[in-house]
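Following: one structure in C-alpha cells, then a few remarks.
The values are calculated or read from the model by the stated rules, or taken from the named source; none is laboratory data. For clarity, every value in this text was computed on a predicted model and none was experimentally measured. Here the Cβ positions follow ideal geometry from the backbone for every residue, glycine too, while neighbour counts run over all protein chains shown. Accessible surface areas use protein heavy atoms only, side chains included; no ligands, DNA or RNA. Shrake-Rupley method; radii C 1.70, N 1.55, O 1.52, S 1.80 Å.
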Amino acid sequence: MIKKNKINILNPLNSLKLFGLKEYFSDFVKLFDSKRLPKVILLTGEKGIGKFTLSFHLVNYIFSLNSKNSYDYQNLKINDQNHFYKSILSNVCENFIYVRNENLEKAKIQDIRNIKKKFNTSSLNNMPRFTILDDVELLNVNAANSLLKLIEEPSDNNYFILINNKKKKIIETIRSRALETKIFLNKKIQNEIFDHLLKEHDITDHFIHKYTYLTTPGRLIEYSVSLENLNIDLETSLYDATQILLDNFKKTKNDIYLDFINFFLEIKFSEKISFKDTQSINTINSKINLMKLIYNYKNFNLSNSSVLDYIKRQERHG
C-alpha cells in the first residue's frame, strides 16, 4: 500500500518544486516584472507535462514578492511557509481561484458567473487576482461562451491562466482571446524530470518506470502511485487490471481510471508487437478496437462486461 504522504503528492497544489520548465517560467516572470504580463494566458500541451505547476509557481512568485518567505527563484521552489501558500491550502485566499479539471467538464454558466462575481468584488489587499482553469477545452458550449464574456475585457488586477490539455479541440474564440504558449519537452528532459520527481517524492522504482516514452512525467507519477495503490503490476493480467479499474471508475466517475486502462493497454500490447510479422498487425488492430470500446464505454454508459468479455475473447485467441 502507498503511504498517505505518497498519495498527497498527486494533489497539484503540493507541487512545491518546478522541474524542466525554467525557460518558460523565466519568460513569464520577465513579463510580469516589466508589467507586460498578458491578462489571459493559454498554456497548451500534453496532460502531466507541468502546465499547472508552472502556473502555480508563477502565481506564488508574484504573491510572495518582498515577503519574509518569498519564492526561491534560484531553485524554482515554493516556500511552504509563505502566507499566500498557506492561505491557498486553507481555501481562504481571495486572490486565487482554481477550477480543477474533474469539475470543468460539467461546468455550468453559473460556475463561470461565480468567478465573475468574485472578480467584481473589491479586493481588500489590492493585489492581482488569478483564475486558473484546468482542462479548459472541456468546457461545454454555454460555459465557454460565458467565459468568453468574462475574459474579453478583464479589469486591471484580474488575470486568467487557461490550461489546454488537448483532450479535444478547443473553441477557437477562446484561443483567439489569449496569448497562447505551447509547452513542449523533448524525451531526454522528460526522463530527467521523471527521475527528479522519483527522488523528490521518494517513490520506489518499479515496472512502470520503464515506460517513460508512453506518457508525460506527471501522468507517469500519477499512474505509478495509483496503480501500486491498487495492487496492479506487470504480472497482473489485462483482464484483472481492467476489472479493477472499471470498478473504480464506476464508483468515482473519475476518468483517470479509464486513462489507466489505456496506459496499461499500451504496456501490455507493446510487449507483443514486433512489426515483423502478420500477427503484430492483428495485435495492433485488437488494441485499437479495445481503445475504441473504452471510449464508447464512457460515452454510451456500457456495462463492465461489454469490455471484459472482449478482453476475454482476445486472450482466448492469443
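Annotations
- Taking other residues whose beta carbon is less than 11 angstrom from the beta carbon of Tyr239, and scoring Lys, Arg as +1 and Asp, Glu as -1, yields +1.
- Residue pairs exceeding 25 angstrom between C-alpha atoms, taken from Lys118/Lys250; Lys47/Lys292; Lys182/Lys287; Lys51/Lys251; Lys187/Lys298: Lys118/Lys250; Lys182/Lys287; Lys51/Lys251; Lys187/Lys298.
- Taking amide hydrogens as placed 1.01 Å from N in the peptide plane, the amide H of Val40 sits under 5 Å from those of Phe160, Leu179, each at least 5 positions away in sequence or on another chain.
- Relative contact order computed over the chain (Cα-Cα under 8 Å; 6+ residues apart), in percent: 19
- Exposed-loop-free span, longest in the chain, where chymotrypsin sites (Phe, Trp or Tyr not before Pro) count as exposed if DSSP calls them loop and at most 15 other C-beta atoms lie within 10 Å: 74-183
- Shape analysis of segment 170-267 places it in the oblate category; the axes a ≥ b ≥ c from the Cα gyration tensor give an a/c of at least 1.5, with a/b not above b/c.
- Protein accessible area in the chain, 1.4 Å probe - carbon and sulfur %: 48
- HN-Hα J in Hz across segment 157-166 - Karplus 6.51, -1.76, 1.60, θ = phi - 60°, x for Gly and Pro: 9, 9, 10, 10, 10, 9, 10, 10, 8, 6
- Dipole check for the chain: with +1 at the C-beta of Lys and Arg, -1 at the C-beta of Asp and Glu, and the Cα centre as origin, the magnitude is about 700 Debye.
- Taking only Cα atoms of segment 20-106, radius of gyration then Dmax in Å: 13.5, 40
- For segment 260-270, putting each phi into the Karplus relation 6.51 cos²θ - 1.76 cosθ + 1.60 with θ = phi - 60° gives couplings of 4, 4, 4, 5, 5, 4, 4, 5, 4, 6, 5 Hz, in residue order, rounded to whole numbers and with x for Gly and Pro.
- With a simple spin-label model that places each label point 7 Å from the Cα along the Cα-to-Cβ direction, the separation between Met127 and Asp80 comes to 2.0 nm.
- Counting only DSSP beta bridges whose two residues both lie in the chain, roughly 10 percent are antiparallel.
- Highest-first arrangement of 40-46, 152-158, 133-139, where packing means the average Cβ count within 10 Å: 133-139, 40-46, 152-158
- The eigenvalues of the Cα gyration tensor, multiplied by 5 and square-rooted, give the chain an equivalent ellipsoid with semi-axes of 38, 23, 18 Å from largest to smallest.
- Simple rule: put +1 on each Lys or Arg Cβ and -1 on each Asp or Glu Cβ in the chain, find the dipole, and look at Gly45, Ile203, Ile78; the Cα lying farthest toward the positive end is Gly45.
- Phi angles of segment 288-305 translate, via the Karplus equation with coefficients 6.51, -1.76, 1.60 and θ = phi - 60°, into HN-Hα couplings of 4, 5, 5, 5, 5, 5, 4, 4, 5, 3, 6, 6, 10, 6, 6, 7, 4, 5 Hz per residue; Gly and Pro are given as x.
- Probe 1.4 Å, accessible area per residue of the chain, Å²: 54
- Per residue, the Cα convex hull of segment 212-268 amounts to 72 Å³.
- Residues with amide H under 5 Å from that of Phe96, placed H, sequence gap 5 or more: Phe130
- Proximity of backbone amide H atoms, modeled 1.01 Å from N, is registered between Asp255 and no other residue at under 5 Å, excluding neighbours fewer than 5 places apart on the same chain.
- For segment 35-188, relative contact order (Cα pairs under 8 Å, six or more residues apart, normalised by length) works out to 36 percent.
- Inter-part distance where segment 228-263 and segment 7-48 are each reduced to a Cα centre, Å: 30
- Counting 0.36 nm for each residue step from Glu200 to Ser305 and taking away their Cα separation leaves a gain of 33.8 nm.
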